[in-house]
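The values are calculated or read from the model by the stated rules, or taken from the named source; none is laboratory data. Computed from a prediction, not measured in an experiment: that's the story for all the values here. Every residue, glycine as well, gets a Cβ built from its backbone with ideal geometry; the counts of neighbours run over all protein chains shown. Each accessible area value is taken on the protein alone, full model and side chains, heavy atoms only, with ligands, DNA and RNA left out. Shrake-Rupley method; radii C 1.70, N 1.55, O 1.52, S 1.80 Å.
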Amino acid sequence: MDGRLIVIVEDEDSARLGMERALKKKGYQVLSFAESPRALEYIKANSGEIDLVITDLRMPEMDGIQLIQEIMKLADDISIILVTAFGSIESAVEAMKLGAEDYLSKPLDMFELRKRVEKIVGNKRLKREVNLLKQRLDKKYSFSSIIGNSPGMEKLFEKILMVAPTSSTVLITGESGTGKELIANAIHQNSPRKNAMFLPINCAAIPAEILESELFGHEKGAFTGAVGRKIGKFEMASNGTLLLDEIGEMSMDLQAKLLRIIEQKEFMRVGGSEIIKVKTRIVASTNRNLDDLVRDGRFREDLLFRLKVVHLRIPPLRERREDIPLLINHFLKIFTEEHGKAGLEISQDVIRVLCRYDWPGNVRELKNVMESLVIFAQDSTISLSELPEEIVGSNGSHSQSGSDAGEKGFLNAEDSLLLKIGTPMADVERELILKTLEQCDGNRTVAARILGIGLRTLQRKLKEYGEAESDENTAGH
Ligand SMILES: Nc1ncnc2c1ncn2[C@@H]1O[C@H](COP(=O)(O)OP(=O)(O)OP(=O)(O)O)[C@@H](O)[C@H]1O
Ligand SMILES: [Mg+2]
């Protein structure tokens, strides 16, 4: 039972008490009234807490039909059962027409009453539960495509949930491929505007003159070629969200118009004189440093101030490496499904190397690498030799940062000979080569690449160390 109320309105004491007792016995919360005007007063004041009103038809002052009419005026979701004297079927029909859900005839059968009540209240409870689940699902769904549980991303999710329900302008910055468009979309999906349009427009890809009419629309004859009226993106997304992607590339002239729209929520179509009001929510994104652009006189400072009120900065992938394994799994799942390679796995070594790489192209680059790995995979496990050279060969800024060396580098600095002063150079080289080879599962091609020496040099060295040639495992993919 979830504590919602049933109100009984019945002037006849025995019937009222009988119903009250029958329902309370079943655990319902019941409140009963002998006078209908007082009942109505209560219902009006507490309508949000009431599931069901059971009302008698014939009562002094205000009869059941009148009461139903009054209750129906309240916007809330209150169900009504009318109780009629035997034979007044017409009133029952009228009550149902007015919006009552059910009716019962006197003399009352308490078993029947409980059955009807349970049906109505049970449905309501179910509906509430479904709505609750839906809300939770909505919330989950709208973030489910954004992978990441690093502190940086968690903080970002929190901020999104805070700003999304508002209509305020949002600036999203981050390097290329960090997911700016994805975040802009999440803001829209988590806002009350989610059922209206989300329109992204790339300010860098469209020449300034065309961009203006794309954004604001134009009137017929506004310029050569303007054969009819065109509705711009601001108008189209009036109830939704407009993403101005790469806002740093917008011309100064358009920036002024944008500022006006943000401040006054109105604009004119190109070649028009009518002032058009819009409610469009604006999200702007860029991978440029807008402060630098302001300094260079290429971005309006007043516009930047307006945009910066809500500023979401997406950290580059190399600053949230704990997200990399999650993203690897995410894309592995997506691409193995897409390319029909179910069951394909990825070796721990590969994951380690991918976690160490700096990802200048951020998530987009990782996504592309994963797709290519899946497409070209020949065995059941993706191994180091399949990684692109620039990734295997790179050490990543991370490996020099000192902490947690074992995870980042192939060699664990602490128990390596390398740091012990006085170790002969030849021994250092030998250890480096053998450990690298071990980390590469004996794959000499990959080891040579990582070591930055030729394959034949590596083979010669191994021969010197007495590594049998029969162990050859280069396969030369
Ligand atoms: N956290 C993430 N989880 C899952 N996929 C992501 C994530 N971040 C980015 N992506 C994916 O990476 C690709 C690039 O993302 P997006 O286009 O949003 O980047 P961007 O910041 O707008 O880049 P650019 O500045 O180059 O336009 C998209 O395919 C996107 O789905
Ligand atoms: Mg983008």
* By how many degrees, 0 to 90 and rounded to 10, does the Cα axis of helix 151-163 deviate from the longest principal axis of the chain? -> 30
* Structure fact -> Excluding ligands, DNA and RNA, the carbon-plus-sulfur percentage of the accessible area of segment 16-111 with a 1.4 Å probe reads 52
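I need the calculated FRET efficiency for the pair Leu455 and Ser273, taking r as the beta carbon distance and R₀ as 51 Å, to the nearest 0.05. Kindly include the intermediate steps, with their values, before the conclusion.
Working: r = 74 Å, r/R0 = 1.45.
For R0 = 51 Å, the calculated efficiency reads 0.10.
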* Angle between the chain longest axis and helix 455-464 axis [Cα atoms, degrees, rounded to 10] -> 70
* Please report how far the C-alpha centroid of segment 57-89 lies from that of segment 2-28, rounded to the nearest whole angstrom. => 16
* Structure fact -> One checks the Cα atoms of the chain and finds Rg and Dmax, in Å, of 35.0, 111
* Using Cα positions and a limit of under 19 Å, work out the lysines in reach of Lys341, with same-chain residues fewer than 8 apart set aside. => Lys333, Lys367
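Placing unit charges on C-beta atoms (Lys and Arg positive, Asp and Glu negative, everything else neutral), compute the dipole magnitude of the chain about its Cα centre in debye, rounded to 20.
Dipole of the chain, to the nearest 20 debye: 820 debye.
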* Structure fact -> If the chain between Ser167 and Lys26 were fully extended at 0.36 nm per residue, the gain over the current Cα-Cα distance would be 46.1 nm
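Considering only protein heavy atoms and a probe of 1.4 Å, how much of the accessible area of segment 222-338 is carbon and sulfur, as a whole percent? Show your work: numbers first, answer last.
Numbers: 2720 of 5610 Å².
Percent of accessible area from carbon and sulfur atoms in segment 222-338: 48.
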* To do: Taking the chain as the reference, fit the longest principal axis to its C-alpha atoms, fit the long axis of helix 425-439 to the helix C-alpha atoms, and give the angle between the two in degrees, 0 to 90, nearest 10.
  => 40
* **Probe 1.4 Å, accessible area per residue of the chain, Å²** => 52
* Dipole axis of the chain (+1 Lys, Arg; -1 Asp, Glu on Cβ), positive-most option in Ile261, Tyr42, Asn368 -> Tyr42
* To do: Taking amide H positions as placed in the peptide plane 1.01 Å from N, state which residues far from Ala284 in sequence (5 or more) or on other chains have amide H under 5 Å from it.
  => Val170, Leu171, Ile172, Leu244
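Would you kindly state how much longer the chain becomes between Glu337 and Lys97 on full extension, computed as 0.36 nm times their sequence separation minus their alpha carbon distance, in nm to one decimal? Let's see the in-between values first.
Values: separation 240, 0.36 × 240 = 86.40 nm, distance 5.36 nm.
This chain segment gains 81.0 nm when fully extended.
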* With each pseudo-label sitting 7 Å past Cα toward Cβ, what's the Arg229-Ala85 distance in nm, one decimal? -> 6.4
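Rounded to the nearest 0.05, what FRET efficiency do Asp77 and Asp13 give with R0 = 35 Å and r taken as the Cβ-Cβ distance? Could you check? Working shown, then result.
Values: r = 30 Å, r/R0 = 0.86.
Efficiency computed from Cβ-Cβ geometry: 0.70.
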* To do: Between Asp63 and Met110, take the C-beta separation as r, use R0 = 30 Å, and let me know the FRET efficiency to the nearest 0.05.
  => 0.80
* Structure fact -> Amide H proximity to Val53 below 5 Å, modelled H, separation 5+ or other chain, gives Val7, Ser79, Ile80, Ile81
* **DSSP beta bridge pairing in segment 151-315, given as percent antiparallel to the nearest 5** => 20
* Inter-probe distance in nm under a simple model that places probes 7 Å from Cα toward Cβ, at Arg125 and Ala222 -> 5.8
* Asked: Tell me, how many Å apart are the Cα centres for segment 230-262 and for segment 345-363?
  -> 38
* Structure fact -> Summing +1 per Lys or Arg and -1 per Asp or Glu among the other residues with Cβ less than 11 Å from Gln255's Cβ gives +1
